[in-house]
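Data block below; observations after.
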Amino acid sequence: MRNSMLQFRASRASLCSLILAGTAALSPGQAQEPPARISLTEAESRALLDRTVENQKRDDRALDLFERIERTETRKDADVTKHAEVRVVRTFPAGAGTAHILLGPDGKPADAAAYRKELEKLEQYLAWAAQSGSEQRTAYEKVAKKRKEREDLVEATRLAFLYTWVADEPRGDRMLSKYRMEPNPAYKPTSRSTGIFAKVRGYVWLDAAAAQLARVDAQVTDDISFGGFLAKIYKGSHFMQERYELEPGIWLPTFSQYDFDGRKFFFSFGIHERTFFTQYRRVGPPKDAVAIIRAELGKPAASAGDP
């Protein structure tokens, strides 16, 4: 059953990645706006689309340079009034990987000795990742491959969805444009991954002034099979995410919610999670980040043999 849950989580992560990739591409010729709203010209719409897509790619890459605190509340069902299991981690990018250091429910280390041990492991990995040997090149090639796969999905979704303008809504001191997102019946999937787009619909909120995705709220409209029909995510599963500008020109997630139900073999289960992302801090690539961790450990900035 544990393996089933892990594979379901992997399927969920893949689906959410596809949803976010899909919402990055606002197709200019397909937004049906009421006459009272001033429409963009074809050239302006194309320019907005191109900027939004490129900004989404840049934001995804930037996430690998920021540490943050992630507080995840997990429940057996979607009722947020019921008791939740809480897990808080310090997420720290490490070049070819990401460290998840467990914290207490209050966001502070529950065990000082264990926390320091995890920081020492992170320091060693960052020092390794900052080098340029064959092992490091292989590890970074894998990261680059995954990133390209995601960026290819962003490009594919230029035609995968139709967007219809619904309203302009304020959020704080900014104005967001809300669009209904529906599968494009004329789109021909190019892979099993892009075939999922036909089973997702919902709404997206776009900050047109910044050409950034600010919010997505999407629902699965038909069962989605994985692993040769051995696993399924059921119709009605839901995902939403809020994104804010955390640094000039960089928009990153601050809140995500998953309400996914499915099965693996003959076992049914669900994942109902809310994750809050806080305390973002740019730490940079491993060669810069290792100095931050060494400072926390009270070590010199560099040691003999380090990069």
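A compact table of results
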{"quantity": "R0 of 35 Å, Cβ-Cβ distance Arg58-Phe265: FRET efficiency to nearest 0.05", "calculated": "0.30"}
{"quantity": "J(HN,Hα) series, segment 195-208, from Karplus relation 6.51 cos²θ - 1.76 cosθ + 1.60, nearest Hz, glycine and proline x", "calculated": "x, 5, 4, 5, 10, 10, 8, x, 9, 10, 10, 10, 8, 5"}
{"quantity": "Per residue, the convex hull volume that the Cα atoms of segment 145-192 enclose (Å³)", "calculated": "106 Å³"}
{"quantity": "Size descriptor, Kirkwood hydrodynamic radius, that averages inverse alpha-carbon separations across segment 44-110, Å", "calculated": "14.8 Å"}
{"quantity": "Convex hull volume of segment 85-130 per residue (C-alpha atoms, cubic angstrom)", "calculated": "60 Å³"}
{"quantity": "Cβ-based net charge around Leu162, under 11 Å, with every Lys or Arg adding one and every Asp or Glu removing one", "calculated": "+1"}
{"quantity": "21 Å tail of the calculated P(r), segment 153-307, as % of Cα pairs", "calculated": "62 percent"}
{"quantity": "Residue-count net charge about Arg174 - beta-carbon cut-off 9 Å; Lys, Arg +1, Asp, Glu -1", "calculated": "-2"}
{"quantity": "12 Å beta-carbon shell around Trp205, net charge (K/R +1, D/E -1)", "calculated": "+1"}
{"quantity": "Amide H within-cut-off set for Gln212, under 5 Å, with H built and near neighbours excluded", "calculated": "Asp207"}
{"quantity": "Relative contact order (percent, whole number), segment 137-203, Cα cutoff 8 Å, 6+ residue spacing", "calculated": "28 percent"}
{"quantity": "Whole-Å distance, taken between Cα centres, linking segment 42-94 and segment 106-176", "calculated": "9 Å"}
{"quantity": "Rg/Rh ratio calculated on Cα atoms of segment 72-195 (Kirkwood radius)", "calculated": "1.10"}
{"quantity": "Relative contact order (%) - segment 160-307, alpha-carbon pairs under 8 angstrom, separation at least six", "calculated": "12 percent"}
{"quantity": "Relative contact order, percent, segment 159-240 [alpha-carbon distance under 8 Å, six or more residues apart]", "calculated": "22 percent"}
{"quantity": "Over 22 Å (Cα to Cα) - which of Lys57/Lys145; Lys178/Lys199; Lys142/Lys287; Lys57/Lys121 fall in this group", "calculated": "Lys57/Lys121"}
{"quantity": "Ranked packing of 47-59, 109-121, most packed first, by mean Cβ within 10 Å", "calculated": "47-59, 109-121"}
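No lab work stands behind these numbers, since they all come straight from the coordinates. If you're wondering where the values come from, they're calculated on a predicted model, not measured in any experiment. Reconstructed Cβ throughout: ideal geometry from the backbone, glycine too, with neighbour counts over all protein chains shown.
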